[in-house]
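Asks: The structure that follows is given in the form of structure tokens.
Every number here is computed from the coordinates shown, using simple stated rules; none is lab data. A quick note: this is a predicted structure, and the numbers were derived from the prediction, not measured. FYI the Cβ positions are ideal-geometry reconstructions off the backbone, even for glycines, and counts take in every protein chain you see.
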Amino acid sequence: MHVHFMFNPPKNIKERIYEGLKAFNLKHFPDEDIQSLACIAEDEEGRFLGGLTGEIFTNTLFVEFLWLDDQHRSVGMGRKLMETLEEQAKAHGVTHLYLDTYTFQAPGFYAKLGFKEVGRYTGFPTAGVDKIFLQKQIAVA
């Protein structure tokens, strides 16, 4: 047996590892599809202002990314995106929302929306920054 350590591995190496892990994991999960989603914000002229992406699996929704351009932060647009997401999630049987954020991003914003911290990596990905894991239980419509 040979073990190799490498920086910047070829894409196919990462894909093989991911696909192998996914195949193993799926043996332990219900046989259901993952639904990819997005919720976006545009101005009156149709210009993209930001949005969020996520995935629904069974009764859970994971928010992957949420971003708004600088001019549209702190004006209620993020709250509107998250409220719309929660409303749509309920309609699709979702009972739990999950996401992660960094200490320099928006932990206070998510706390105001009812998310609770369930874990934290300290000093990740660098000294002085923590990665925070959050979740929220929602009532089904």
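Asks: Round to a whole angstrom and tell me the spacing of the C-alpha centers of region 1-22 and region 85-117.
Replies: Distance between centres, Cα-based: 32 Å.
Asks: Counting only C-alpha contacts under 8 Å and six or more residues apart, can you give the relative contact order of the chain as a whole percent?
Replies: Relative contact order of the chain: 17 percent.
Asks: Applying a 10 Å radius around every beta-carbon, put 104-114, 79-89 in order of their mean neighbour count, most first.
Replies: Averaged packing, sorted descending, gives the order 79-89, 104-114.
Asks: What span do the alpha-carbon atoms of region 1-79 cover on each of the three principal axes, reported in whole Å from largest to smallest?
Replies: 60, 35, 21
Asks: What's the tally of Lys pairs in the chain whose alpha-carbon atoms lie under 17 angstrom apart, where the two lysines are 8 or more places apart or on different chains?
Replies: Close lysine pairs under the 17 Å cut-off: 9.
Asks: If you plug each phi of region 43-55 into the Karplus form 6.51 cos²θ - 1.76 cosθ + 1.60 with θ = phi - 60°, what whole-Hz ³J(HN,Hα) values come out, in order, with x for Gly and Pro?
Replies: Values per residue, Gly and Pro as x: 7, 4, 8, x, 6, 5, 10, x, x, 9, 10, x, 9 Hz.
Asks: Follow-up. Full-extension gain between residue 111 and residue 133, please, as 0.36 nm times their residue separation minus the C-alpha to C-alpha distance.
Replies: 6.8 nm
Asks: Another question, then. Along each of its three principal axes, how wide is the spread of alpha-carbon positions in the chain, in whole angstrom units, largest first?
Replies: Principal-axis extents of the Cα atoms in the chain, largest first: 59, 39, 34 Å.
Asks: Among 58-71, 1-14, how do they line up from the highest to the lowest mean number of other beta-carbon atoms within 10 Å?
Replies: 58-71, 1-14
Asks: In degrees from 0 to 90, rounded to the nearest 10, what is the angle of the helix 11-26 Cα long axis to the longest principal axis of the chain?
Replies: Approximately 80 degrees, to the nearest 10.
Asks: Residue-wise, which Karplus ³J(HN,Hα) couplings in Hz belong to region 78-89, taking 6.51 cos²θ - 1.76 cosθ + 1.60, θ = phi - 60°, and x for glycine or proline?
Replies: After applying 6.51 cos²θ - 1.76 cosθ + 1.60, I find x, 4, 4, 4, 5, 5, 5, 4, 4, 4, 5, 4 Hz.
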